[in-house]
Structures are given as C-alpha cells and as structure tokens.
Amino acid sequence: MSQDSSIKPWGGRFSEATDAFVERFTASVNFDQRLYHHDINGSIAHATMLAEVGVLTDAERDQIIEGLEAIRAEIKAGEFGWSVRLEDVHMNIEAALTERIGITGKKLHTGRSRNDQVATDIRLYLRDEIDAIARELTRLQQGLVGLAARHADTIMPGFTHLQTAQPVTFGHHLMAWNEMLQRDYSRLMDCRKRVNQSPLGAAALAGTTYPINRARTAELLGFEAPTENSLDSVSDRDFAIEFCAFSALLMTHLSRASEELVLWTSAQFNFINLPDRFCTGSSIMPQKKNPDVPELVRGKTGRVNGHLISLLTLMKSQPLAYNKDNQEDKEPLFDAIDTVKDCLRAFADMVPAIEPRKAEMLEAAKRGFSTATDLADYLVRKGVAFRDAHEIVGKSVAYGIEQGKDLSEMSLEELNQFSDTIGQDVFDVLTLEGSVAARDHIGGTAPAQVRAACERAGKLLAQRG
C-alpha cells in the first residue's frame, strides 16, 4: 500500500507546498523507518490507554490496533511504500492507518505529539538493542573465561612499555580483558536503567489537557516509570549520549585487545594462531595471512568515538524543549549500535578459536630478564634494603646482557659476584614457573589464582540468565 499523500498532518497552517529539496533535506524516513516496530507498539499502548480513560471507544481502539498490526505485517514483508513526503516513520504509519481505517485513524494522535512519540520510540528501540548487545557481550566474556581457564598454566611474557617485564600466564592476560568487559557490562546495565523511562504523554512539551494515564502506558510498554518533566521528556537525549559513551569505552577495550592480537599473530611475536576463517590474504604476497577481524575492530573504534562527539556537540547548545536538530541523533546512534553489535559478534566468534603457541610464548618469556624483580624480592626477604637489592639486580642484568645469559642460566658463583647473600635457593625463584606461582594472591598471576578468577567470573556470567 502506498500513502504518498500531499496532505501533511500539520499542513493547515501553511499556504504553499514544501519545497521538494526541503522535503528531502528535512525527511528522516530513510533511516528512522527501522523504528517501525517500536512506533507501532507505542501507538498500540497509547490507543489502549485512551480507550481506558474514555477518549476512544473500545471499538475504535480495536480498529486502530487491528490496522496497526496489518501495517506491521506489511512492513515486515517488505510491501510497505515509504514516502519521503510524509517525512518520518511516524507520519508514514499514521497516514497508512488513516487510509486503511478512515477517520478513526486520525484519532490515534490525540493526547500526544511526534515529540514524545519519537522519544518513546528511540527508548524502546535502544532498550531492545541494549539487551541484544548484553547477550553478545556475555557470549564474548564466556569465550574469554573458558579460554583463560584452559590456559591458566600457559606462561608468556608480561609487558610494560611493550618491553618484557615479568612472566604471566596467557589465562591471566585474557582475564585482564574480561575485567574491562565486565566494567563495560556494568555501564551498559546502568545505561539501560535510565533508558527505561517513558516520555509518552509529555506531548509537544507541556503535557496534554486530556485525562491520560502515563503510568498505564509506561506499564504496557515495559518501562519502569513515566518521566517526571514534560519539557525534559521530549528534549532529553542524555540516554543516547550515555549509550554512545558506553560504546566508545567498549570499543576502546576491544581495540586494545585487537592491537595485541595483531601483534601476537605477527612473525615477530608468533604467540597465537587465528583460524583462517578470521583472516584474509594478500593480492600480491602469497605468504600473507592478515588478521583482518581485529584490524577492522581496531579501525571501527574511531567511528564510534566520533558518534559520541557528534551527539555531545548536537546537544551542547540546544534550548528547551524539542528542536529539529534532534533528528540528527538517530544516524550516529544507529551506526554505533550496529558497529558495536558486529564487533562483539566477530570477537565472540573468534576468541574461543584462538590457538596459543605455548612453546613460542615460553621462549619469549625467557628473554628480557623477566625474573629480575623476583631476584630483588628474594634479596629483600634476605634482609637487603630494596634500593640496594635493585642495584644488585641491575648489575646482574648488565652482566647477563654482556655474557648473553639469563639470570636463571647463571651459576651461583656468578651471582655471588654481586651479592654473597644469594644462596642456592635462589634458583627456586628464578624459574618462570616459580615466578608465576609465587604471585599467589587474589588478582595475581599464579595458575591457582587464575582458575579461581575464572570460576568467580563464570558464576557472575551464569547469573545473567
């Protein structure tokens, strides 16, 4: 069905038709039509409430709901004719309803405005998308925790300044990623609470003179409560900004992980293998296997960061209440949602398939004197002041660089050149296995602690349902 009507719902005030370019320039239907499902749900709730308070008859309510459901089916089947001349998803559906059921369709908009209608639609849409994102984020975390548990004993070098620092385990490193994502999940759930407020009934900006029941429409739509102030209700986009802030932080965390995956797959590191299905080749260099998935996730972080800045800038100087500027909230928000969902799906599919190269990781951990801090701690436990211990170990490392020997490869006689406090028991702490096992406290890299962290994380993930 087509509703390419030249009669606009607000046309009574105007003496000439809208310029064709202005129609196209001001229209949003090409991108806001994705709100159709939530727009129809909002209208059904509104019609139900209007009948309950006596503004509509039960027969009118039923006629409206039946018409809206028929339009929903048309849209879902791809048979609905969207019109730019009708500006947006709301007017397209309202015009189609009126064409289908007649004058009763014109009664649906009683007691509301497009201002509170669009604010309601966006909140309903975003709430559903938050739930979908939460599921993908949970799936990614489950994959991370599972991989970490399997590799709680797999030793690798830990880095600061991208220089070998201390030995850790691959499982411990993965659980660091999980901690970032756990905070992201918490931020997402906090955002959902503020999204889940109903602006429906705020009308244009001042409320309505009809005896509406905003608590009832909030209940019908699954909102926690109606919003408190009609001016703020129609002009608030904090919730969209907050979602984009969550998205920017999440993408920053995924970007950091992506950078490490890119490094680890390189010939210079060779720490992991990514299955071929997550990589591509080169058009000219036959030996290449490029980690395209993490590279793209790293690259897409920029566009999501940009959407946050776009929305902040959009809102920074708007007077109350609604302004046409707010039409520009949707494309950044929609793209942030789509990008986050795609990146989470890619990571959730990819992470469980990561194959660590244990031998290469272990060999890398042996380079760079990664147990130097363990030797300093050993000396302190023997009564040496830390600053003196630091100097002793520094000299030992300098000797090792000169001789091409790791600390664990030096003889007791060689180590005693720098301190006669060092005894045979020092070799218990200079091994990589001894080093990681010694950090046996909550948050430490000891394999037992990594397994315990995985178990705690697993229980939290299971509670999400």
*Work from the charge dipole of the chain (Cβ charges, +1 for Lys and Arg, -1 for Asp and Glu, about the Cα centre) and give the residue of Leu461, Ala148, Thr431 farthest towards its positive end.*
Leu461
*Considering only Ala165, Val234, Ala206, whose Cα is most displaced toward the positive end of the charge dipole of the range 109-257, charges sitting on Cβ of Lys, Arg (+1) and Asp, Glu (-1)?*
Ala165
*asked:* If exposed means no more than 11 neighbouring beta carbons inside 10 Å and the site is in a DSSP loop, what's the longest run of the chain without any exposed trypsin sites (Lys or Arg not before Pro)?
replied: 1-287
*Selection from Gly102, Ile130, Ala73, by position along the positive dipole direction of the range 63-139 (Cβ)*: Gly102
*Dipole magnitude of the range 145-301, debye to nearest 20 (Cβ charges: Lys/Arg +1, Asp/Glu -1, about Cα centre)*: 280 debye
_To the nearest 20 Debye, how big is the dipole of the range 81-236 about its Cα centre, given +1 on the beta carbon of each Lys and Arg and -1 on that of each Asp and Glu?_
280 debye
*Cα centroids of the range 144-219 and the range 283-347: how far apart, whole angstrom?*
17 Å
*Rounded to the nearest 20 Debye, what is the dipole magnitude of the chain about its Cα centre when Lys and Arg each give +1 and Asp and Glu each give -1 at the C-beta?*
280 debye
*With every protein chain left in place, what is the accessible area per residue of the chain in square angstrom, probe 1.4 Å?*
47 Å²
*When the Karplus curve 6.51 cos²θ - 1.76 cosθ + 1.60 is applied with θ = phi - 60°, which whole-Hz ³J(HN,Hα) does each residue of the range 289-296 get, with x for Gly and Pro?*
9, 8, x, 5, 4, x, 5, 5
_the chain: translational diffusion in µm²/s, Stokes-Einstein, Kirkwood Rh over Cα pairs, 10 °C, 1.306 mPa s_ = 60 µm²/s
*Tally Lys and Arg at +1 and Asp and Glu at -1 over the other residues with C-beta under 14 Å from the C-beta of Val429: what net charge comes out?*
-4
*asked:* Contact order normalised by length for the chain, with contacts defined as Cα pairs under 8 Å and 6 or more residues apart; what percent is it?
replied: 17 percent
*If the limit is 22 Å between Cα atoms, which of Lys193/Lys330; Lys300/Lys341; Lys193/Lys341; Lys300/Lys324; Lys316/Lys341 go over it?*
Lys300/Lys324; Lys316/Lys341
*Among DSSP beta bridges lying fully in the chain, give the percent that are antiparallel, nearest 5.*
75 percent
*Go ahead and estimate [θ] at 222 nm for the chain from helices alone: -39,500 (n - 2.57) per DSSP H run with n ≥ 4, summed, over the residue count, rounded to 500.*
-19500 deg cm²/dmol
*How high is the FRET efficiency from His37 to Leu460, r the C-beta distance, R0 22 Å, rounded to 0.05?*
0.10
*Give the carbon-plus-sulfur fraction of the accessible surface of the range 52-114 in %, rounded to a whole number; probe 1.4 Å, heavy atoms of protein chains only.*
48 percent
*Quick one: Karplus J couplings for the range 152-160, per residue in order, coefficients 6.51, -1.76, 1.60, θ = phi - 60°, nearest Hz, x for Gly and Pro?*
5, 9, 6, 7, 8, x, x, 10, 10
*Got a sec to turn the phi values of the range 336-342 into Karplus ³J(HN,Hα) couplings, 6.51 cos²θ - 1.76 cosθ + 1.60 with θ = phi - 60°, whole Hz, x for Gly and Pro?*
4, 4, 4, 5, 4, 4, 5
*What nm value, rounded to one decimal, do you get for the distance between Glu409 and Thr110 when each label is placed 7 Å out toward the C-beta?*
8.8 nm
*Once the piece of chain linking Arg135 and Tyr210 is laid out straight, how much longer is it, given 0.36 nm per residue of separation minus the C-alpha distance between them?*
23.0 nm
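The values are calculated or read from the model by the stated rules, or taken from the named source; none is laboratory data. Since the model is a prediction, treat every value here as computed from it, not as a measurement. Heads up, the Cβs are rebuilt from the backbone with ideal geometry, glycines too, and the neighbour counts pull from every protein chain shown. Just so you know, the surface numbers come from the protein's heavy atoms only, side chains and all, with ligands and any DNA or RNA stripped out. Shrake-Rupley method; radii C 1.70, N 1.55, O 1.52, S 1.80 Å.
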